[in-house]
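Undergrad: So that we are looking at the same thing, I have put the structure below in structure tokens.
The values are calculated or read from the model by the stated rules, or taken from the named source; none is laboratory data. These figures come from a predicted structure and were not determined experimentally. All Cβ positions, even for glycine, are placed from backbone atoms using ideal geometry, and neighbour counts span all protein chains on display. Only protein heavy atoms, including side chains, enter the accessible area calculation; ligands, DNA and RNA are left aside. Shrake-Rupley method; radii C 1.70, N 1.55, O 1.52, S 1.80 Å.
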Amino acid sequence: MTGWVVLAGLFLSSSAQANPATASLAPFLDAVSACAGHPDLTLAVIGVEPSQAALSREQAEEIRLAVESRLQATGRVKLAASADVVRIKALREGTTGLSGAEAESQIREAFAGDASVFLVEPRRAGETAAIRLQAITRNAACKATSEPMIVPIRVGAGVSDVDAVMQGAVKAFAQAAPNASAIEVCPFVAEGGHSTCAGALTDRLMIALDAEARAPNRVLKGNRLDVRRRPPATACSGALTARGRFSMDQQRQSWMELEFQRDGAVIAPTGRRRIGIEGLGCDPTPRPFLDHLAATARTDGGRLTVAATATPFSAGQRLEMRIESRARQSLYCWVVASDETAYVALPVRGNAASLAPLKPGDTRRYPRGYGLDEIVAGEPFENLFACFGVEDGLPPELAERWLAAAPAADGEARLLQPADVLDLLDKIRATPGVTEATARIVVR
């Protein structure tokens, strides 16, 4: 009997070593052991960052459990109940009751271990995800990072793959309009506000249409397809158009619908389809325009910050903004309203102080720090003061457009309409090295 036990143990040990999924973890665990100073490890697998957009919450939990299983299969790791402490706490409170001190002690015990393991850099590709394991010791004095690990994930029932929906819709369009030579793509619209997922879906549609335009059958027949993307906030006016809508329901499930139209008549609709957005890297939350603008800004407090000197301002109070620069950069600021219109605030044509680049450590007050007239609060309103910082200034074409709308020393700024605002925003954000800073101007 003993011999069989020994043989069984050897068989299990060699199987674990032969398993590529566990064998690939050996260098990582060796590095963690070196950090901890001993070979027998207790690890707390925390999981992925809650703010990541590559995976749904269900998929993130599935991956965490898969990682725990692989770690246990190595035979070298004991797991702490870090991610499950809330469930344990709720169970015990519902049965035996827990004092505050007992709950605190339980949480501390659940995170006890040689290192906490975070799942970083999640990248999804179809039904698999690639992640790295990053272990940080309890005293944060040492860390170890694994090579990418491929883990299978599941897409829930009824959830469609975005690219598959796009490709199917484009195929139906090509069949319904085989001789089409041009199509205008209206940007996807997000119900209930603005969402970065609307832009991401528009990008995916452009990719699918581009693939159709380059299809061998179309090229061989000389049947050219010109795909034009309309700027945001402008109407599609072509004979053939593509129009899409993105929405999120109360259960935070994402939906899309896309339809191709010819002279206003629908020729190829997808219907409303529930989609998985994990691979889009977007935020599905619909927000009012000013909230969306601030949430998507490429902020870097180490380079540029702006703030209102009062929140809120009162009627009759002087409006003033504080601008702090921690790098050399040219500054471009505007005041944006909730209806997506805007006025350029800086620079001012003919005003040398506003045209000169800021230096590290510069602090300015707008408007009086630029020698401009004071602005006094009147009727209640809420706008956004937003600035772009660019080390070598905007590219000439963009700089010319911006200054054309800017105020002059003896004249007011030109009101920018939504189409101009959104187009300028996209182009400026695409400028390499641009930094943004935003602050609310609220008058009550």
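Undergrad: Output the number of residues of the stretch 168-213 satisfying the condition of being outside any helix (DSSP H, G or I), without any contact (Cβ under 8 Å) to a residue 60 or more places away in the chain and under 30 Å from the mean Cα position of the chain (by Cα).
TA: Selection size over the stretch 168-213: 5.
Undergrad: Moving to a separate point now. Taking into account only those residues within the stretch 214-228 that are among the aliphatic types (A, V, I, L, M) and open to solvent by 20 Å² or more (accessible area, probe 1.4 Å), which is farthest from residue 283 (Cα to Cα)?
TA: Ranking the qualifying residues of the stretch 214-228, first place goes to 220.
Undergrad: Go through (1) on the phi < 0 side of the Ramachandran plot; (2) assigned to a loop (DSSP other than H, G, I, E, B) and name the single condition residue 393 misses.
TA: For residue 393, the failing item is (1).
Undergrad: Would you be able to say whether some residue in the stretch 268-276 is open to solvent by 40 Å² or more (accessible area, probe 1.4 Å), closer than 23 Å to residue 419 by Cα and outside the structural domain of residue 439 (by the TED database)?
TA: no
Undergrad: Then there is this: Is at least one residue of the stretch 122-129 at pLDDT 90 or above and crowded, with 16+ Cβ neighbours inside 10 Å?
TA: no
Undergrad: Tell me which residues, restricted to the stretch 335-385, are outside any loop (DSSP other than H, G, I, E, B), open to solvent by 60 Å² or more (accessible area, probe 1.4 Å) and among the hydroxyl-bearing types (Ser, Thr, Tyr).
TA: Scanning the stretch 335-385 gives 343, 363.
Undergrad: Hey, can you tell me all the residues within the stretch 415-444 that are of a type in the set (Lys, Arg) and under 21 Å from residue 320 (Cα atoms)?
TA: Selection gives 440, 444.
Undergrad: In addition: Is it the case that residue 326 is surrounded by 16 or more Cβ atoms within 10 Å (Cβ to Cβ) and free of Cβ contacts under 8 Å to residues at least 60 places away in the same chain?
TA: Considered against the rule, which asks whether it is surrounded by 16 or more Cβ atoms within 10 Å (Cβ to Cβ) and free of Cβ contacts under 8 Å to residues at least 60 places away in the same chain, residue 326 comes out as yes.
Undergrad: Considering 170, 151, 185, which residue is modelled with pLDDT of 85 or more, over 30 Å from residue 46 (Cα atoms) and in contact with a strand residue (DSSP E or B) (Cβ under 7 Å, 6 or more places away or on another chain)?
TA: That would be 185, the only listed residue that is modelled with pLDDT of 85 or more, over 30 Å from residue 46 (Cα atoms) and in contact with a strand residue (DSSP E or B) (Cβ under 7 Å, 6 or more places away or on another chain).
Undergrad: Tell me yes or no: at least one residue of the stretch 412-429 is open to solvent by less than 30 Å² (accessible area, probe 1.4 Å), in contact with a Leu (Cβ under 7 Å, 6 or more places away or on another chain) and part of a loop (DSSP other than H, G, I, E, B).
TA: No, the stretch 412-429 contains no residue that is open to solvent by less than 30 Å² (accessible area, probe 1.4 Å), in contact with a Leu (Cβ under 7 Å, 6 or more places away or on another chain) and part of a loop (DSSP other than H, G, I, E, B).
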